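Working notes, structure below.
Bear in mind these aren't lab numbers, they're just calculated from the coordinates by the rules spelled out. Note that the structure is a prediction, hence the values are computed from the model and not measured. Don't worry about glycine lacking a Cβ; one is built from the backbone with ideal geometry, like all the others, and counts go over all protein chains shown.
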Amino acid sequence: MAKKVGVLTSGGDAPGMNAAIRAVVRAGLRNGCEMYFVYEGYKGLIEGNIEKVDRSSVSEIISHGGTILKSARLPGFKDEAVRKKAVEQLKKHKIDALVCIGGDGTYMGAKKLTEMGINCIGVPGTIDNDIASTDYTIGFDTCLNTIVECTDKIRDTTESHSRCSIIEVMGRHCGDLALFSGIAEGVDMIITPDHPISDEDIIENLKEWKKAGKQHIMIIISENIYPDTRVLSERIQKETGYESRVEVLGRIQRGGSPSAQDRVLAARLGAHAIDLIMEGKGGLCVGLVNNKVVHYDIYEALHLPRDKHMNLLRLIDLLK
Ligand code: ADP
Ligand code: F6P
C-alpha cells in the first residue's frame, strides 16, 4: 500500500524551506507516496490543519523565501499529552510518516513523535547553522549573503562619517553568521559566543586604533551577547573618541529568495529524507558532511560537538 507522508516547517523560517518542501513532495510522489501538507508546524498538526497535495502544489515555489506551509512555535509540544493529539490527527488522516523541516527544537519534536509510533525525519532548515550534524543548514548561505549585502552599504556611510559601526546579526546562541560574515567583510572585530571579547579589550583595541590613525571601525557582533548592544556603543563613543552607531539587522536576515547553494542543499536533503522514509526509518535527521549526504539518529545529532571553526577564528587576527 502507498505510504502517506506529511511535511511541515517549524521554528524560525529560513530561505530554502520552500525548495525543501518541493523536494520532499516531488521525491515522495515519484516514490508512489501520497503527500500531505501540514500547516503551521506542530501547532497545525495538533489542530489537524492538514491537506493532501499533488505535484502542482509545489510548482513555482523554489525561488520564494519564507515557507508556504507557514511556521509556528508550540512550546507545549514538549508535553506528551499534547503530542498525543498530533498522533491522533496523523492516525485520522492515515499518515504514517512525517518530514519535519526546522532546527534543533523541531528535531526534538520529530524524535519524540517517532517514539510514539510515527516515523519522522528531520531536515535542517534554519539560518543559524547551529546543527552539528550538518556542515550547513538550509538558509544559512542566503542569510549570510543578505548580511554581506547590508554590511557593504553600512560600510559606505561608516567610512564617510569616520564612525564606528556595530552590526548585530542573528544566530540565537550560535556565532556562525557573525563569524562567516565578519570574514567575508574583513571587519575589524568579530564578537560571537564562541569568541567573546571583554568590554575592556574592545575599548583598549579601539583606543589603540584611534591613536594609530584608523579612521573608521567595523564590528560584527552576534545577538544575545549584550541585552542591548547600544550600551557597548555608548561606551565606545564616550571612551574611544569614535562616534558610534549600532545597526540591528533583524528579520531582514530571514527573508528573500534562497541562494543557489541553499536550493541545491534543500533538493539533496529533501530527497534523502524520502529515501529514509521509503526504507521505513524514523527518528533520524539528514545533513551534508564533507559534501556527502548523511543521516544521524536525532539524539546522537543533538549531542555532537559543534564545529567552532577555529580555522576561521585564526583568520580574524591574521588578516587584520
Ligand atoms: P527550531 O526548530 O528552529 O530550533 P524552536 O526551538 O522554536 O525552533 O522549536 C520549534 C518547535 O519544536 C517548538 O515550538 C516546539 O513545538 C518543538 N519542540 C522544541 N523543543 C521540543 C522538545 N524538547 N520536545 C518536543 N518538541 C519540541
Ligand atoms: O532561529 C532563527 C532565528 O532567526 C534566530 O536567529 C533568532 O534568535 C530567532 O529565530 C528569532 O525568532 P523570532 O523571529 O521568533 O523572534
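Couple of notes before you dig in:
- Helical segments meeting 24 Å axial Cα length and Kyte-Doolittle 0.0 threshold in the chain (DSSP H): 260-278
- Virtual paramagnetic centre 7 Å along Cα→Cβ of ASP201, amide N under 12 Å, in the range 298-320: 317
- Cα radius of gyration and Dmax for the chain (Å): 21.7, 75
- Relative contact order [Cα under 8 Å, 6+ residues apart], the chain, whole percent: 23 percent
- Cβ crowding within 10 Å ranks THR229, THR192 as THR229, THR192, fewest other Cβ atoms first.
- Cβ crowding within 10 Å ranks CYS100, CYS33 as CYS33, CYS100, fewest other Cβ atoms first.
- In the structure shown, the pairs LYS214/LYS320; LYS78/LYS292; LYS94/LYS281 are assessed against 23 Å; a Cα-Cα span above that value is assigned to LYS78/LYS292.
- Exposure proxy for LEU232, LEU318: other Cβ atoms within 10 Å of each Cβ, ordered fewest to most, give LEU318, LEU232.
- Exposed loop sites are taken as GluC sites (Glu not before Pro) in a DSSP loop (any state but H, G, I, E or B) with at most 14 other beta carbon atoms within 10 Å; the longest stretch of the chain without one runs 61-278.
- For the range 257-320: rounded, prolate or oblate by the Cα gyration tensor [a/c cutoff 1.5]: oblate
- When DSSP beta bridges are restricted to pairs lying wholly in the range 1-99, around 35% turn out antiparallel.
- All lysines inside 16 Å of LYS92 as judged from Cα atoms, apart from same-chain residues fewer than 8 positions distant: LYS3, LYS4, LYS52, LYS84
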